1. Keeping all protein chains in position, work out how much accessible area Glu156 exposes to a 1.4 Å probe, and write it in Å² to the nearest 10.
2. Using a 1.4 Å probe, how large is the accessible area of Asp143, given in Å² and rounded to the nearest 10?
3. Sort the range 17-70 into rounded, prolate or oblate with this rule: let a ≥ b ≥ c be the square roots of the eigenvalues of the Cα gyration tensor; rounded if a/c is under 1.5, and if a/c is not under 1.5, prolate when a/b is larger than b/c, oblate otherwise.
4. Restricting to DSSP loop positions (anything but H, G, I, E, B) with no more than 11 other Cβ atoms inside 10 Å of their own Cβ, which GluC sites (Glu not before Pro) remain in the range 104-141?
5. Which lysines does Lys224 reach when only Cα atoms under 20 Å apart count, and residues fewer than 8 places away in its own chain are ignored?
6. Within the chain, which is the longest segment containing none of the trypsin sites (Lys or Arg not before Pro) that sit in a DSSP loop and have at most 15 other Cβ atoms within 10 Å?
7. Around Val130, with a cut-off of 12 angstrom between Cβ atoms, what is the net charge of the other residues, counting Lys and Arg +1 and Asp and Glu -1?
8. Probe radius 1.4 Å, ligands and nucleic acids left out: which of Leu235, Leu13, Leu218 has the largest accessible area, and how do the rest follow?
Amino acid sequence: MTTPVYKRVLLKLSGEALMGEDQFGINRASIEHMVEDVVDAAKLGVEMAIVIGGGNIFRGVAPGAKGMDRATADYMGMLATVINSLALADAMEQAGLTARVMSAIGIDQVVESYVRPKALQYLEEGKVVVFAAGTGNPFFTTDTAAALRGAEMGAEIVLKATKVDGVYSADPMKDASASRYSHITFDEAIEKHLEVMDAAAFALCRDQKLPIKIFSILKHGALKRVLLGEDEGTLVHL
Ligand SMILES: Nc1ncnc2c1ncn2[C@@H]1O[C@H](COP(=O)(O)OP(=O)(O)O)[C@@H](O)[C@H]1O
Ligand SMILES: O=c1ccn([C@@H]2O[C@H](COP(=O)(O)OP(=O)(O)O)[C@@H](O)[C@H]2O)c(=O)[nH]1
């Protein structure tokens, strides 16, 4: 089977996964692995919009942010996603893709600002669009940004590529006895307070009838398997 089951997707890439085995920052091998998966996905002809987190950089400055005003710390986190977006777009260009970064916060000398029709046009042209600076608002996460941009772009699904291979009954990093769901409803995920994604992101996707697939970014080829409709990760559905 080589025909993708989706035409357009919103891929959320974990910022923290970018640091690989390092303490913080961008690990070259990690970003190259991620990009290889994106290239394979693009080769299937799937239109791809990407949101990348900022935990790898923000984690590095987090001790210094202790006691800071929350909104200010969140703006620092959003700027961290701009750094990651630029690195990701550069790596994608080097791998032969055409990428565009659009920021939710105006920093026009660095990247163009997010304009919805322009983003839609880029996707139609086969360019990979990277949405930087999250939603542009403090008190949100890049998961919510993924849900928001996914809905705006008319994506058929939000693909959350993270450090675990799906949604578990409890955090698998803390509880070895946790079991993985192959699928779960939005209501169940919210009611059970499963923290693999924040409730705002789950609620937005539920309201927009936008399913989410959660799978491991560390498993090479998993993204392609998801796009081909193979059994991979956890589907969160209505
Ligand atoms: N019920 C759960 N199922 C799976 N993962 C969970 C669960 N509860 C908490 N987690 C944690 O959520 C993390 C993924 O969310 P997050 O930290 O936002 O990652 P990302 O860097 O991808 O944004 C996983 O690494 C896992 O440790
Ligand atoms: O719309 C947004 C998106 C992100 N952030 C900030 O940016 C940080 C980095 O994003 P996130 O933690 O979602 O990244 P990831 O977990 O994927 O590395 C968050 O912690 C927030 O502080 C924010 O304030 N608003």
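The values are calculated or read from the model by the stated rules, or taken from the named source; none is laboratory data. Small disclaimer: the values here were computed from a predicted structure and weren't measured. Backbone-built Cβ (ideal geometry, glycine too); neighbour counts: all protein chains shown. With ligands, DNA and RNA removed, areas are computed over all heavy atoms of the protein, side chains included. Shrake-Rupley method; radii C 1.70, N 1.55, O 1.52, S 1.80 Å.
1. Its accessible surface works out to 80 Å², give or take rounding.
2. About 10 Å², ignoring ligands and nucleic acids.
3. On the way: a/c = 6.80, a/b = 2.07, b/c = 3.29.
Verdict is oblate for the range 17-70.
4. On the way: sites: Glu112, Glu124, Glu125; in loops: Glu125.
Answer by residue number: Glu125.
5. List returned: Lys7, Lys12, Lys43, Lys127, Lys160, Lys163, Lys213.
6. Details: sites that count: Lys7, Lys66, Lys163, Lys174, Lys192, Lys209, Lys219.
Maximal segment without exposed cleavage sites: 67-162.
7. Values: positive: Lys12, Arg100, Lys127, Arg149; negative: Asp90, Glu93, Glu112.
Net local charge, Val130 excluded: +1.
8. On the way: Leu235 55, Leu13 0, Leu218 120 Å².
The most accessible residue leads, giving Leu218, Leu235, Leu13.
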